[in-house]
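Peer 1: First, the structure itself, so that you have it in front of you.
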Amino acid sequence: MPPRMPIESGVPDPLQYMHPIMTKNYGAWKYHERPRPGVLCHTAKSGDQIWTVRAGTQRQMDLYTIRKLCDIADDYADSHVRFTIRSNIEFMVGDETKVQPLIDKLVSEGFPVGGTGPSVTMIAHTQGWLHCDIPASDASGVVKALMDELHEEFINENMPNRVHMSTSCCQINCGGQADIAINIQHTKPPKINHDLVANVCERPTVVARCPVAAIRPALVNGKPSLEVDEKKCICCGACFPPCPPMQINDPENSKLAIWVGGKNSNARSKPTFHKLVAAGIPNNPPRWPEVATIIKKILHVYKEDARDWERLSDWVDRIGWPRFFELSELPFTKYHIDNWHGARRSLNASTHIRF
Ligand code: SF4
Ligand code: SF4
């Protein structure tokens, strides 16, 4: 029998896109240094060196900006670029004399060079209005507004350790953990358009989707629909994706919340979940000034008070949450107490009728 051939889908082979120095020394690197913020220099066991220049982008880019970046790669680098998971663009060069002209060109075209080491690197964000069907805010807009204000922290390495931030445009939060995360927080149960439910929604799927079993099938005006037990509803928004007539997004009641202390890395300390520290912040485009004020305050006290190499979660672990709230001048309310230890019992953890 002939061997079963692989299905040609998924991530393409990266080696074909790598800088020749990287393919030549693949798996044989000795060490790396950061000669200045935004620049990495890797040295291979063979003695070869490669310089990487990292610049911030606005992530959702038009064709002209992408062409401009590609032209810079052709004219000032060695025609090789890559994007980091936080939407920075990196240019690789095999000759140190190319580094400064490349930096000058990037900065003159409006792309800040930085985001390495103990800096505030680019904020990771979820898809927002451009690509997703359920956002209550524009995550990329929050990123742009905030990074304009945190420009100095991006181009310098003045933080105790790296600061990863993320923004998410619904409460489901496909954005993940971060040292500081800005997430949507719904505060009112969904409003149901009963005329549409029967035509649009698969009702058992919607009922099964609710983590606290607050949704029941119901007949409304003789038509099959749904009802929500508002006393149980935790306003998570999980019913809205499978059932758009259960609209939960609202300009007034969809607020923003800030969470701190999450990290995926297990360097020095274990990975941690971020915790809620500020809630009910107005979702106020296009500059989200209330969010920016709180973020800058948290970053400021972290920078002042943390020891070298302490990530935000390590710093809070050392000083304790009461001191964190004291220093950051954020009010501590009853909403900060639930640590979800009881979630196994209080949330619907059944795997039945889940698709
Ligand atoms: S955070 Fe929510 S709304 Fe935003 S892209 Fe992810 S799933 Fe969609
Ligand atoms: S918002 Fe969440 S808790 Fe409320 S009814 Fe919908 S799925 Fe259930």
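Peer 1: Identify all lysines with a Cα-Cα distance to Lys275 below 27 Å; exclude those on the same chain that are fewer than 8 residues away in sequence.
Peer 2: Lys144, Lys188, Lys231, Lys232, Lys255, Lys263, Lys296, Lys297, Lys303, Lys334
Peer 1: Next up: Based on the Cα gyration tensor of region 1-59, what are the three equivalent ellipsoid semi-axes, each the root of five times an eigenvalue, rounded to whole Å and given largest first?
Peer 2: 32, 19, 8
Peer 1: Continuing with the same structure: Count of lysine pairs in region 14-108 with Cα atoms under 23 Å apart, counting only pairs 8 or more residues apart in sequence or on different chains?
Peer 2: 7
Peer 1: Any chance you could check the Cα centroid distance between region 28-75 and region 145-184 for me, in angstrom?
Peer 2: Here the two parts' Cα centres lie 21 Å apart.
Peer 1: Follow-up. Farthest toward the dipole's positive end in the chain, which of Pro2, Val143, Asn283, given Cβ charges of +1 (Lys, Arg) and -1 (Asp, Glu) about the Cα centre?
Peer 2: Selected residue: Pro2.
Peer 1: Packing-wise, with mean Cβ within 10 Å as the measure, how do 12-24, 116-128, 139-151, 225-237 rank, highest first?
Peer 2: The most tightly packed comes first, giving 116-128, 139-151, 225-237, 12-24.
Peer 1: If you don't mind, there's one more thing I want to ask. Which number comes out as Rg/Rh for region 14-108 once both Rg and the Kirkwood Rh are worked out on C-alpha atoms?
Peer 2: 0.96
Peer 1: Quick query: amide H of Gln185 versus all other amide H atoms, modeled in the peptide plane; which residues come in under 5 Å with a sequence gap of 5 or more or a different chain?
Peer 2: Amide H neighbours of Gln185: Lys255, Leu256, Ala257.
Peer 1: Then there's this: Peptides 321-332, 49-60, 292-303: what's the order by average Cβ count within 10 Å, highest mean first? Mind dumping the intermediate values first?
Peer 2: On the way: 321-332: 14.7, 49-60: 21.4, 292-303: 17.4.
Those peptides, ordered most packed to least, come out 49-60, 292-303, 321-332.
Peer 1: Report the convex hull volume per residue for region 177-284, counting only C-alpha atoms, in Å³.
Peer 2: 120 Å³
Peer 1: Running Debye on region 191-246 with equal point scatterers at the Cα sites and no solvent, what base-10 log of I(q)/I(0) appears at q = 0.31 Å⁻¹?
Peer 2: Scattering profile of region 191-246, log10 relative to I(0): -1.47.
Peer 1: Here is a further query. What dipole magnitude, in Debye to the nearest 20, does the chain give about its Cα centre under +1 on Lys/Arg Cβ and -1 on Asp/Glu Cβ? Walk me through the intermediate numbers first.
Peer 2: Working: 41 positive and 39 negative charges, 271 e Å.
Computed about the Cα centre, the dipole is about 1300 debye.
Peer 1: To the nearest 20 Debye, how big is the dipole of region 14-108 about its Cα centre, given +1 on the beta carbon of each Lys and Arg and -1 on that of each Asp and Glu?
Peer 2: On the way: 13 positive and 11 negative charges, 77 e Å.
So the dipole magnitude of region 14-108 works out to roughly 360 debye.
Peer 1: How big, in percent, is the set of alpha carbon pairs in the chain lying more than 40 Å apart?
Peer 2: Here the tail beyond 40 Å accounts for 26 percent of pairs.
Peer 1: While we're here: Pairing rule first: another cysteine's C-beta must sit under 4.7 Å. Under that rule, which cysteines of the chain stay single?
Peer 2: Cys41, Cys70, Cys132, Cys169, Cys170, Cys174, Cys210, Cys233, Cys235, Cys236, Cys239
Bear in mind that the values in this text are calculations on the coordinates, not laboratory data. The model shown is predicted, which means the values in this text are computed figures rather than measured ones. Cβ atoms come from the backbone with ideal geometry, glycine included; neighbour counts cover every protein chain shown.
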